[in-house]
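The structure appears below as structure tokens.
The values are calculated or read from the model by the stated rules, or taken from the named source; none is laboratory data. Quantities reported herein were computed from a predicted structural model and do not represent experimental measurements. Cβ placement follows ideal geometry from the backbone for every residue including glycine, while neighbour counts extend to all protein chains displayed. Areas reflect the complete protein model, heavy atoms only, side chains present, ligands, DNA and RNA absent. Shrake-Rupley method; radii C 1.70, N 1.55, O 1.52, S 1.80 Å.
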Amino acid sequence: MEEKRVLYIGGFELPDKNAAAHRVLSNGKIIKELGHKVFFLGVSKDENCNPEVLKTISSTNYGTNYSVKYPKTKSEWIFYLSDISVITSIVESDTIDVIIAYNYPALALFKLNKYCKKKGIKLIADCTEWYVAEGNILFRTIKGLDSFFRMRVIQPNLDGIIVISTYLNNYYLKKNKNIILVPPLVDLSDSKWKQRNEKENSFCSFVYAGSPDGKTKDHLGKIISAFLKVNKDFNFNILGITIDEYNEIWKETPIPISMKDKIKFHGRVSNLEVIKKLKESDFSIFVREDNLITKAGFPTKFVESISAGTPVLTNKCSNVEDYLVAGVNGFFVDIFDVDTLTNSLNFVLDCSKDKLEELKFNCVKYDKFNYLEYKNEFVSLLKFDR
């Protein structure tokens, strides 16, 4: 396959500020190893970000980077959601052959598709979500229309689609034959995944890492309610939220002072700190509702935990069942109510030390999230056979 010049665009903050950045870098690494040249156009929250996109250029070992300032005001958001001039300036500067648009806004994606067809550029979507609009009626209307046109009208007619879940794969297979299913990926040769950390004590330890919203995502209040009822010693570390933020969201589930040594909040931490804490834990845990949002997406925290050698406790959401084998690299927990979740936790707490070591060993040797396993998919995608 001849060398192509591939531009990856979207709301990611390089190199590791959000889950989107980890995804596009892993995918970009595959594309680079296939012999292509990779460019990235992400967002920057740096107040000093140069407004002239071509002047933000920087080179790294994973590609050439450009940035646009993260929008804050209403006018900045309107520009970001509808304008493609920053993209076209890069295309005309670097002679791009392929553009991959990560969860890109519908209006801008529509304009970009028309532009790419005129220029003979292939346009591919990287789709990792199907969001449901919330908020006031104006916001719901705008977001609802954006989601409808992006998911149902524009993306099916692009030159290809990368999807993150079985749900999205099944949906788009009916509409576009150039589609590949790629979960969140990691580079297992990276040193951050290698060495296992020592536990802080002999108790069974659990970790949660995320940004719960108190609504549909990650029922942390239910998890903590279950932990308050278990009958054995444990440690539970919570990353991504402070105890004050927790108390504001889950006022009905206060944490007794007697549990403060067992349940600890660490607030927002770096991705490296998340991985470090995963390696120090016996299990990671999260639970999610079964709805359109969770079906269409795939939990990055599941991939990070397995890759760190830490078995996972979760319920059957998205297509996690394709990767988690109960008793091998984790367990499914029942979230029907707090009592059933408590029973699941008590079962896990009864695991022997040998069983825990077996679970961890199985996670360490698991390679289905290693980016090297997906080269053939990208070879197929970039041939543009429809």
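Of all residues in segment 29-42, those that are touching a residue at least 12 places away in the same chain (Cβ under 8 Å) and within 14 Å of Leu382 (Cβ to Cβ) have Cβ atoms under 8 Å from Cβ atoms of residues that are of a type in the set (Ser, Thr, Tyr) and open to solvent by 10 Å² or more (accessible area, probe 1.4 Å), 6 or more apart or on another chain, in Ile30/Tyr371; Ile30/Tyr374; Lys32/Tyr62; Lys37/Thr64; Val38/Tyr62; Val38/Thr64.
Among the candidates Leu220, Leu185, Leu145, the residue that is aliphatic (A, V, I, L, M) and at pLDDT 95 or above is uniquely Leu185. Note on segment 327-353: residues that are of a type in the set (D, E, K, R), loosely packed, with under 13 Cβ neighbours inside 10 Å and more than 17 Å from Phe203 (Cβ to Cβ) amount to 2. Among residues of segment 1-24 that are assigned to a strand (DSSP E or B), those with a beta-carbon under 9 Å from a residue that is acidic (Asp, Glu) and surrounded by 21 or more Cβ atoms within 10 Å (Cβ to Cβ) at least six positions away or on a different chain give the pairs Tyr8/Asp126; Gly10/Asp126.
Consider Leu54 carefully, then state whether it is touching a strand residue (DSSP E or B) at 6+ places or on another chain (Cβ under 8 Å) and open to solvent by 40 Å² or more (accessible area, probe 1.4 Å). Yes; evaluated as a whole, the condition is true for this residue. On the given criteria, is Pro183 out of contact with any strand residue (DSSP E or B) (no Cβ under 8 Å at 6 or more places or on another chain) and in a helix (DSSP H, G or I)? Spelling it out, it is not the case that Pro183 is out of contact with any strand residue (DSSP E or B) (no Cβ under 8 Å at 6 or more places or on another chain) and in a helix (DSSP H, G or I). Taking (1) out of contact with any strand residue (DSSP E or B) (no Cβ under 7 Å at 6 or more places or on another chain); (2) at pLDDT below 95; (3) polar (S, T, N, Q) in turn, Thr95 satisfies each apart from (1). Any residue at all in segment 187-201 that is of a type in the set (Asp, Glu) and over 27 Å from Ala21 (Cβ atoms)? Taking every residue of segment 187-201 in turn, at least one turns out to be of a type in the set (Asp, Glu) and over 27 Å from Ala21 (Cβ atoms). When the test is whether a residue is of a type outside the set (D, E, K, R) and under 24 Å from Lys192 (Cβ atoms), Ser281 passes it.
Within segment 148-179, the set of residues being more than 22 Å from the chain's Cα centre (by Cα) and outside any helix (DSSP H, G or I) comprises Leu158, Asp159, Lys174, Lys175, Asn176, Lys177, Asn178.
Count of segment 30-43 residues, restricted to those that are part of a helix (DSSP H, G or I) and farther than 14 Å from Ser59 by Cα, is 3. Comparison of Asn65, Asn61 shows that the only residue that is free of Cβ contacts under 8 Å to residues at least 60 places away in the same chain and open to solvent by 60 Å² or more (accessible area, probe 1.4 Å) is Asn61. Considering segment 79-98, and only residues there that are open to solvent by 20 Å² or more (accessible area, probe 1.4 Å) and either in contact with a Lys or Arg (Cβ under 6 Å, 6 or more places away or on another chain) or touching a residue at least 40 places away in the same chain (Cβ under 8 Å) (or both), the residue that is nearest to Leu112 (Cα to Cα) turns out to be Ile84.
Of the listed requirements (1) of a type in the set (Ser, Thr, Tyr); (2) within 21 Å of the chain's Cα centre (by Cα); (3) more than 30 Å from Ile180 (Cα to Cα), Thr141 misses just one: (2).
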